[in-house]
Structures are given as C-alpha cells and as structure tokens.
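Following: one structure in structure tokens, then a few remarks.
Just so you know, all these numbers are worked out from the coordinates, no wet-lab data involved. Since the structure is predicted, the reported quantities are computational estimates derived from the model, not experimental observations. Heads up, the Cβs are rebuilt from the backbone with ideal geometry, glycines too, and the neighbour counts pull from every protein chain shown.
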Amino acid sequence: MIAAALWGAGILSLMQAGFWFWQGRTRNAGWVDVGWALGLAVMAILAAVSGPAPLERRLLVGLMGGLHGLRLGLHLWHRVAHEPHEDGRYQAIRAAWETGVNLKFFAFFQAQALLDVLLGLPFLLAAWNPRPGLHPLEWAAVALWLGAWCGEALADRQLRRFKARPEAQGRTCREGLWRFSRHPNYFFEWLVWVAYLLLALSAPWGWTAVLCPALMLYFLLRVTGIPYTEAQCLRSRPEDYARYQRETSPFIPWFPKAGA
C-alpha cells in the first residue's frame, strides 16, 4: 500500500508539474483544479490495479474513483479552456503574492498532488481489503456514489447551460438544483466522499478514511469552496447574489424561503 502511495505521489507530481508549466504559458492557474480532479482518477486506478483485494472490490474502486475524477476533470478542463479570464480566486492569490509568483504557484500545484495522495486513502484501504465478497456497506457506497455522481453532473450541466445564454450575464442561476442550494455541485461532491468512506469502512483500519470527507467538508465550507466562490459572486453581481444568499440554502438542498 505504501509503495502504491509513493508511485501515486511521483506520477501526480509530474502531472501537476506539466499543468504548472501550462499555466505559466496561459496565465491561468485554474489548471491546478483540472490536475487535482484527474489525480483522483489516477489514484483510484493505481489502487485498483496494484491492490490484492478480490477483483470485484478492486473494480469498484477503479470505476467509482476513476469515473468521478475523469468526469470532474473533463468538466473543469472545458471550463478553464473556454473561460476568457482566470478564475477570480487565483487572480486574488496572484495579486496577494506579488513577488516570486511562478515559484509559489509551483509549490501550490505540488501541494495539490500531495493532497490527492492523501485523499486516495479510501481507495488504497479498499483495494487492500482481503475480505471475500462485498460487504453491505460497500453496496451502500455504490448506491450513494451513483446518486451523488449523477447529482453533481446534473448541477454542473444546469449551470453550464445557464451561463451559455446571453441573457444570463450579470444574473445568478436559480434553475434546477440551483433553486434549492447555492452550491449543489459542492454538496454532491461531498456525498461522493462519504460514499468512499463507506467503501473503505469494512477494511482493516477503514475508519481512518473518515479523514477524507471531513477534510473535503472543511475545504468546501471554510477554505477554497464556498467562501472564495461567494466572494467572487458578490463582487461581480452584488445585489442579485445577496438576494440569492437570503433566499437559498447555502449547501444542503432545501426549499427556497418565501419570496424566492
């Protein structure tokens, strides 16, 4: 398991170095998100290929982690490649660093590679689980993952479709899942990580995988997710987004408040 984690660290370090080089050419640090998402797929497939667990369990690891990381990576790739400007989060970071920006971004990209290795813990634990057959927790993981994966894909599609319309300029998406949550994509992304916890839970030391959904929830709610996203939305469309904040649940989907 340790050897697989080290191999993963090496592969992802090289991959993020490539994305760092490309961000230097394009002046768009958003490529780090693409590398992070694809890195999840790499860790899942690496664990599935190298682990000694029964084949059906390793197939679940490879399919669940691989499809999740690949779909998210391609979605982010499309967004970063077609957006005319760098994401406001990275513009703010670039302005705050002032000097040695390129070198600092290199360290930032490498940190995302290491984060992927840490977040690959559920894949490694499940792929090294010697238990014969599939545990009921693993079947629950499949059911939760399928619902969350479809929910996140639907939320991303609804937002992309809304943004493609000319009349959407300066307006906030309130269509589909975005009527019930300001960040349905983040909510379903977190549920995917809860599913990975369930996938690993029947393995020896599987309980340690609780670190991953806890870490993701912290990042989404307190660090790079909701705080940065909403700050950018308030800068670009202050009145409309402030009203959206008053009317709509921030994370868990729920009915809009009266007057929505």
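Number of residues in the range 76-90 that are in a helix (DSSP H, G or I) and surrounded by fewer than 15 Cβ atoms within 10 Å (Cβ to Cβ): the value is 3. Listed by first and then second residue, the pairs with beta-carbon distance under 7 Å, at least 6 apart or on different chains, first residue in the range 40-53 and more than 18 Å from Gly69 (Cα to Cα), second surrounded by 23 or more Cβ atoms within 10 Å (Cβ to Cβ) and of a type in the set (Gly, Ala, Ser), are Gly51/Ala127; Ala53/Ala126; Ala53/Ala127.
Kindly indicate whether Glu138 is crowded, with 16+ Cβ neighbours inside 10 Å, of a type in the set (Asp, Glu) and under 17 Å from the mean Cα position of the chain (by Cα). Spelling it out, it is not the case that Glu138 is crowded, with 16+ Cβ neighbours inside 10 Å, of a type in the set (Asp, Glu) and under 17 Å from the mean Cα position of the chain (by Cα).
Restricting Gln23, Gln16 to residues that are polar (S, T, N, Q), part of a helix (DSSP H, G or I) and more than 22 Å from Glu189 (Cβ to Cβ) narrows the list to Gln23. Among residues of the range 99-111 that are touching a residue at least 12 places away in the same chain (Cβ under 8 Å), those with a Cβ under 7 angstrom from a residue that is assigned to a helix (DSSP H, G or I) and of a type in the set (Ser, Thr, Tyr), sequence gap 6+ or separate chain, pair up as Gln110/Ser13.
Counted as qualifying within the range 162-252 are the helices (runs of 4 or more DSSP H) with 3 or more residues that are surrounded by 17 or more Cβ atoms within 10 Å (Cβ to Cβ), namely 184-200, 211-222, 226-236. Can you name every residue in the range 114-136 that is within 15 Å of Arg58 (Cα to Cα) and among the hydrophobic types (A, V, I, L, M, F, W, C)? Answer for the range 114-136, where residues must be within 15 Å of Arg58 (Cα to Cα) and among the hydrophobic types (A, V, I, L, M, F, W, C): Leu121, Phe123, Leu124, Leu125, Ala126, Ala127, Trp128, Leu134. Taking the conditions (1) of a type in the set (Gly, Ala, Ser); (2) touching a residue at least 24 places away in the same chain (Cβ under 8 Å); (3) part of a helix (DSSP H, G or I) in turn, Gly133 satisfies each one other than (3). Pairs meeting the criteria (first residue in the range 189-203 and touching a residue at least 60 places away in the same chain (Cβ under 8 Å), second residue assigned to a helix (DSSP H, G or I) and hydroxyl-bearing (Ser, Thr, Tyr), beta carbons under 9 Å, at least 6 apart or on different chains) are Ala200/Thr208.
Here Gly69, Gly8 are screened, and the one residue that is surrounded by 20 or more Cβ atoms within 10 Å (Cβ to Cβ), closer than 29 Å to Glu138 by Cβ and free of Cβ contacts under 8 Å to residues at least 60 places away in the same chain is Gly69.
Restricting attention to the range 99-120 and to residues that are β-branched (Val, Ile, Thr) and either farther than 24 Å from Met1 by Cα or out of contact with any Gly (no Cβ under 9 Å at 6 or more places or on another chain) (or both), the residue that is surrounded by the most Cβ atoms within 10 Å (Cβ to Cβ) turns out to be Val101.
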